[in-house]
Amino acid sequence: MKPLLLRGGTLLDPSQRLNEIGDVLITDGAIAGVGSKLAAPHEAEVIDCAGLIVSPGFIDVHCHLREPGREDVETIATGARAAAAGGFTAVCAMPNTDPVTDNQAAVGFIVRQAQRAESSQARS
């Protein structure tokens, strides 16, 4: 994986009290540097983030994925894709499905569906 430099975005990270224009260098899937006017390795992909916000992924602790029971509305896979497209890196599905997620078998089903959704997303 080649390095990635996110250049000139608004860096927003409340946990670090960070709200400024700057760059983020990502190497081997990990943040290798944060700052102003970072040097890009010659093989790095550089993305101009001027006018964009660069922040840690969002977590939705109250989402309704509707599966099992209302797959006609949304599935775990479609909900996860929508969340990822919106910058969410994790979601916590509410248990108010039909049937209700209130036992080990139902939780196991949801975990398996999430794993399937993740593996199908990785292949695309």
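The values are calculated or read from the model by the stated rules, or taken from the named source; none is laboratory data. Not measured: the values here are computed from a predicted model. Cβ placement follows ideal geometry from the backbone for every residue including glycine, while neighbour counts extend to all protein chains displayed. These accessible areas exclude ligands, DNA and RNA; they are computed on the full protein's heavy atoms, side chains included. Shrake-Rupley method; radii C 1.70, N 1.55, O 1.52, S 1.80 Å.
A few notes on this one:
- Counted residues, the stretch 1-26 - those being part of a strand (DSSP E or B) and open to solvent by less than 60 Å² (accessible area, probe 1.4 Å): 14
- Ala105 satisfies every condition listed in (1) of a type outside the set (Phe, Trp, Tyr); (2) more than 26 Å from Val54 (Cα to Cα); (3) in contact (Cβ under 8 Å) with a residue 24 or more places away in the chain except (3).
- Here Thr89 meets the list (1) of a type in the set (Ser, Thr, Tyr); (2) surrounded by 15 or more Cβ atoms within 10 Å (Cβ to Cβ); (3) not in a loop (DSSP other than H, G, I, E, B) almost entirely, failing just condition (2).
Residue-wise test of (1) touching a residue at least 40 places away in the same chain (Cβ under 8 Å); (2) touching a Ser or Thr at 6+ places or on another chain (Cβ under 9 Å); (3) among the aromatic types (Phe, Trp, Tyr).
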site: Pro14; (1), (2), (3): no, yes, no
site: Arg17; (1), (2), (3): no, no, no
site: Val34; (1), (2), (3): no, no, no
site: Glu45; (1), (2), (3): yes, no, no
site: Asp48; (1), (2), (3): yes, no, no
site: Leu52; (1), (2), (3): yes, yes, no
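- Flag if Ala117 is under 25 Å from Leu11 (Cα atoms) and of a type in the set (Gly, Ala, Ser): no
- Filter result for Ala83 (more than 20 Å from the chain's Cα centre (by Cα) and modelled with pLDDT under 95): no
- In the set (1) touching a strand residue (DSSP E or B) at 6+ places or on another chain (Cβ under 9 Å); (2) within 30 Å of Ala77 (Cβ to Cβ); (3) exposed (fewer than 15 other Cβ atoms within 10 Å of the Cβ), the condition left unmet by Lys37 is number (2).
- All conditions in (1) surrounded by 11 or more Cβ atoms within 10 Å (Cβ to Cβ); (2) in a helix (DSSP H, G or I); (3) of a type in the set (Gly, Ala, Ser) hold for Gly69, with the sole exception of (2).
- Residues of the stretch 40-66 that turn out to be closer than 23 Å to Gly108 by Cβ, among the acidic types (Asp, Glu) and either open to solvent by less than 40 Å² (accessible area, probe 1.4 Å) or not in a strand (DSSP E or B) (or both), as a count: 0
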